[in-house]
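Q: One structure follows; several queries about it will come next.
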Amino acid sequence: GNTSADVLIPAGNFYLRSGNRRDGVRNLARALALTPSFDATIFSHLSADRVEVSELLKSGVADDRRVAQAYLRYSVANGELRSARAAWQWISEHNFTEQALTVEYVNFLIAQTRFEEAAEVWASQRGDRVPGYRKTEYLYNGSLEDEPMQGAFFDWKITPCENVEIARDFQPEGWSLRIEFNGSANVDFRHISQKI
């Protein structure tokens, strides 16, 4: 049954309940590596048995980007700050970070009121794109060279507005925002912002 999640999951739970953490975690890690179908179930078992994320990630899924990212997303969805931090650290050390995952994790830290930590994570992943970011420059993507990332706390937020067209525009001098009012209504325009 070494290639069947249906066998590995009960075996892993049995080992964990009988005090054999090493084999329990190893079986559950193997099941995670085989299929994403049981991620939430396995993560909840590991959480109930107080298995640290480091134990899981060192037990056969060390090179599995998907499992590590899924564990981080599970931790974020369940508001488990400690587990999310540990998963993020492991993901960062293994260069498994991605833009969307960074946005999710930073937004989670903001929701947890970990503002400085969120800013540090953002700078560690995106700051190299802005010379002097968080030292002399606090506006991310200030020159609009990159398309603003949807949902990113530390990037431009552009909210659609009726009777107004907003678009990134390239001119010989560089990128800018083009804002066109169609003239059919007076608009209380406050639809572009960025938090720092």
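Q: Taking the stated definitions as given, is Gln89 touching a residue at least 40 places away in the same chain (Cβ under 8 Å) and open to solvent by 30 Å² or more (accessible area, probe 1.4 Å)?
A: no
Q: I've got another one for you. Only one of these conditions is not met by Tyr71: (1) under 30 Å from Arg26 (Cα atoms); (2) open to solvent by 40 Å² or more (accessible area, probe 1.4 Å); (3) aromatic (Phe, Trp, Tyr). Which number is it?
A: (2)
Q: A follow-up question, please. Against the conditions (1) at pLDDT below 90; (2) open to solvent by less than 70 Å² (accessible area, probe 1.4 Å), where does Leu177 fall short? Just the number, please.
A: In the conditions (1) at pLDDT below 90; (2) open to solvent by less than 70 Å² (accessible area, probe 1.4 Å), Leu177 misses (1) alone.
Q: Of all residues in the stretch 100-129, which are at pLDDT 95 or above, charged (D, E, K, R) and open to solvent by less than 60 Å² (accessible area, probe 1.4 Å)?
A: Hit for the stretch 100-129 is Glu117, nothing else.
Q: If we keep just the residues of the stretch 164-174 that are of a type outside the set (Asp, Glu) and open to solvent by 50 Å² or more (accessible area, probe 1.4 Å), which is farthest from the chain's Cα centre (by Cα)?
A: Pro172
Q: Please determine, by comparing only the residues of the stretch 1-38 that are basic (Lys, Arg) and more than 18 Å from Arg66 (Cα to Cα), which one is least open to solvent (accessible area, probe 1.4 Å).
A: Restricting to residues being basic (Lys, Arg) and more than 18 Å from Arg66 (Cα to Cα), the top hit is Arg21.
Q: From the list Ala68, Ala5, exactly one residue is in contact with a helix residue (DSSP H, G or I) (Cβ under 7 Å, 6 or more places away or on another chain) and modelled with pLDDT of 90 or more. Which is it?
A: Ala5
Okay, residues lined up against (1) in a strand (DSSP E or B); (2) in contact with a Gly (Cβ under 8 Å, 6 or more places away or on another chain); (3) exposed (fewer than 10 other Cβ atoms within 10 Å of the Cβ):
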| site | (1), (2), (3) |
| --- | --- |
| Pro131 | no, no, yes |
| Leu139 | no, no, no |
| Ser143 | no, yes, no |
| Met149 | no, no, no |
| Ala152 | no, no, no |
| Asp155 | no, no, no |
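Q: Moving to a separate point now. Is there any pair with a first residue in the stretch 139-154 that is more than 22 Å from Glu117 (Cα to Cα) and a second that is among the small types (Gly, Ala, Ser) and open to solvent by less than 60 Å² (accessible area, probe 1.4 Å) whose Cβ atoms are under 7 Å apart and which are 6 or more apart or on different chains, and what are they?
A: From the stretch 139-154, the pairs are Ser143/Gly174; Leu144/Ser176.
The values are calculated or read from the model by the stated rules, or taken from the named source; none is laboratory data. What you are looking at is a predicted structure, and each value in this text was computed from that prediction instead of being measured. When we count neighbours, we look across all protein chains shown, and the Cβ atoms used for this are built from the backbone with ideal geometry, even at glycine. SASA here: full protein model, heavy atoms, side chains in, ligands and nucleic acids out. Shrake-Rupley method; radii C 1.70, N 1.55, O 1.52, S 1.80 Å.
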